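Read the structure below first, then the notes.
The values are calculated or read from the model by the stated rules, or taken from the named source; none is laboratory data. Remember, it's a predicted structure, so these values are computed and weren't measured experimentally. Neighbour counts are summed over all protein chains in view; Cβ atoms, including those assigned to glycine, are modelled from backbone coordinates with ideal geometry. Surface areas here come from the heavy atoms of the whole protein model, side chains and all, with no ligands, DNA or RNA. Shrake-Rupley method; radii C 1.70, N 1.55, O 1.52, S 1.80 Å.
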Amino acid sequence: MPKEKKTRTHEVAKQGIVFNKNFGQHILKNPLIITDMVEKTGLRSTDVALEIGPGTGNMTVKVLEKVKKVIACEIDSRLAAELLKRVQSTPLQSKLKLLIGDCLKTELPYFDVCIANVPYQISSPLVFKLLLHRPIFRCAVLMFQKEFAQRLVAKPGDKLYCRLSINTQLLAKVDMLMNVGKNNFRPPPKVESCVVRIEPKNPPPAINFSEWDGLTRIVFTRKNKTLSAIFKQDSVMEVLKNNHKLYCSLRNLDPSDSNPSEMVAAILTKLNMETMRARTMDIDDFMKLLLAFNSEGLHFT
Ligand code: SAH
């Protein structure tokens, strides 16, 4: 109990607020990193910038100086109030629009660029919320837990290559920009961080993303298994068979005229992919595979 009290008063004394661990509140205290992140976003004076989790606004005020408008989405109303206080009666005030709430549940407005030091627990859903947002934004510069950032940029054959890597890289160009040590934050998190830049492909690839996600979800569940072995699993064929039945009924076809297991085997043979494994497959491989499945009426969603 006394220990708890000590850390709390420590934080209160420094900032006037107690940081809430559940919201992943680790405030960036090193101004050089903030400046670097802002610079690497390539902000233009005509930009609408979206900031997720502005906290007390260390980054927000620097972005406000450079753009037409900042839309900042903050879940913690106490921090939102701090930020408002900070810009009140300054020329920056009129450029800031604050959305109070969970960014994952908030409908995001138009934005050109996104900048954020986000809580790590929302990293993955946030990346896909941004990438599936329309119209497409120009660029996002985001701070993530190091391992998450490494998975985002991993290439076929890399140890950390996974569904997150391929799904992100289908939709965007991703670059690792810098490592950021724990001590640049207050309070310091338990893990190291990295900043990445995400530039969505524009126009986006002509791919049904839920179908793509359905396929990569299946093959990356066991990324070291051959495709042939993956598609022999009952649970996997069950999904494909059910979707195929639905596909047939929507087209007034008789599902008993076709056998999905045999169709899958034939596709893998034709593409010469029976012995391929997800861990070394690239975007083109998955595109070919998905196209072949879909054109035979085999669907993942
Ligand atoms: N950007 C600030 C604060 C980073 S801490 C800085 O760099 O100093 C992460 C911030 O995200 C906190 O302010 C936290 O309250 C906020 N946050 C956490 N979950 C959120 C969510 N789901 N939606 C919006 N903001 C969130």
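With a requirement of 1 or more residues that are under 14 Å from the mean Cα position of the chain (by Cα), surrounded by 21 or more Cβ atoms within 10 Å (Cβ to Cβ) and in contact (Cβ under 8 Å) with a residue 24 or more places away in the chain, the helices (runs of 4 or more DSSP H) lying completely within the range 138-228 that satisfy it span 146-153, 163-171. Look at residue 81 and say whether it is of a type outside the set (D, E, K, R) and surrounded by fewer than 18 Cβ atoms within 10 Å (Cβ to Cβ). Here the answer is yes, as residue 81 does meet what is asked.
Considering 202, 184, the condition of being farther than 21 Å from residue 126 by Cα and of a type outside the set (A, V, I, L, M, F, W, C) is satisfied by 184 alone. Filtering the range 30-69 down to residues that are outside any loop (DSSP other than H, G, I, E, B), open to solvent by 10 Å² or more (accessible area, probe 1.4 Å) and farther than 18 Å from residue 86 by Cβ, which residue is farthest from the ligand (Cβ to nearest atom)? Of everything passing the filter in the range 30-69, 48 is farthest from the ligand (Cβ to nearest atom). One residue stands out among those in the range 92-133 that are part of a loop (DSSP other than H, G, I, E, B) and of a type in the set (Phe, Trp, Tyr): the one that is farthest from the ligand (Cβ to nearest atom), which is 110.
Could you check the range 22-68 and list, in sequence order, the residues that are of a type in the set (D, E, K, R), in contact with a helix residue (DSSP H, G or I) (Cβ under 7 Å, 6 or more places away or on another chain) and within 24 Å of residue 128 (Cβ to Cβ)? Within the range 22-68, just 51 meets the criteria.
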